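Encoded as structure tokens, the structure appears first; notes follow it.
Coordinate-derived values only; no laboratory data. Every value quoted in this text rests on a predicted model; they were computed, and no experiment measured them. A quick note on method: Cβ atoms are made from the backbone with ideal geometry, for glycine too, and the neighbour counts reach across all protein chains shown.
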Amino acid sequence: MDRRALVVWGGWDGHEPDRVADLFASMLRGEGFEVDVSDSLDAFADPGRMRGLSLIVPVVTMSEITAEQLGPVLRAVADEGVGMAGCHGGMCDAFRASTEWQFLTGGQWVAHPGNDGVRYRVVVDRSVPSPITEGLDDFEVVSEQYYLHTDPGNRVLAYTEFPHPDHDGPHAGNACRMPQVWTKSYGRGRVFYNALGHQRSVLEEPVPRELMRRGFRWAAGEMP
């Protein structure tokens, strides 16, 4: 059976979408996927093409999507069981005006107090068993610590304590475990998200990279 993935990149240059797309395409090819890469959202607009995929990987930040581009994605995931996997703003700050995209992905970026360069800990929730996080330890990262509005139905696999003690801000009275890695269902499809990935170098670190590798395979239906 053909295993086909589509990586679509664009939007804000600060997230290095072209370089992240190149990394993800290389990882997927290493896992045996046939990979197409596009820098146009019109790649989403072909219903037949979308139905034939195993996995959709968006790498697009702060952009806009038309109904003609979004519709085939929603139907491919919900009706055909095509998987979706992505990270950071490239998936959960892609289309701020599209609530259905947020419903599909399970979250929307809201803030990152301290901006880039914050050192924080990502905690693997061992009370939620998953092949995506099995055997992985908690880890530290220096990047943006994402605060997101998230779907309460998400299956949260890893979180970070929020707010950061050095960047508390107005949210200090609402301390919480902020989801950073999750899975969810959308119709017949599987969806994986990792909040890390402000730049490609973050995703090249061993644990974030492994999370993406496993997340791709899980969303494509290759892991239980």
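Label zone (E205, point 7 Å along Cα-to-C-beta; backbone nitrogen cut-off 14 Å) within the range 126-155: 137-146.
Look at where the Cα atoms of the range 168-224 and of the range 33-97 average out, and the two centres are 17 Å apart.
The string of couplings for the range 9-22 from the Karplus curve (6.51, -1.76, 1.60, θ = phi - 60°) is 10, x, x, 4, 5, x, 8, 6, x, 5, 6, 5, 4, 5 Hz, one whole number per residue in order, with x for Gly and Pro. Phi angles across the range 106-115 convert, under the Karplus curve 6.51 cos²θ - 1.76 cosθ + 1.60 with θ = phi - 60°, into 3J(HN,Hα) values of x, x, 9, 4, 10, 7, 9, x, x, 6 Hz, Gly and Pro given as x. Efficiency by 1/(1 + (r/R0)^6): what FRET value for A172 and F103, r their Cβ-Cβ distance, R0 = 22 Å, to the nearest 0.05? The value I calculate is 0.15.
Put in order of Cβ neighbour count within 10 Å, fewest first, the listed residues W109, W12 become W12, W109. Residue-wise HN-Hα couplings along the range 64-73, as the Karplus relation 6.51 cos²θ - 1.76 cosθ + 1.60 with θ = phi - 60° gives them from phi, are 10, 10, 8, 4, 5, 7, 6, x, x, 5 Hz; Gly and Pro carry x. Computing Cα extents along the principal axes in Å directly from the structure and comparing it against (1) 55, 36, 29; (2) 49, 36, 31; (3) 42, 38, 29 singles out (2). Between P163, P129, P17, the GNM of the chain built on Cα springs shorter than 10 angstrom shows P129 fluctuating the most. Length available on full extension from D138 to E68: 0.36 nm per residue minus the Cα-Cα distance, which gives 21.1 nm.
Other residues within the sphere of radius under 10 Å centred on the Cβ of V8, judged by their own Cβ, net out at -3 (K and R +1, D and E -1).
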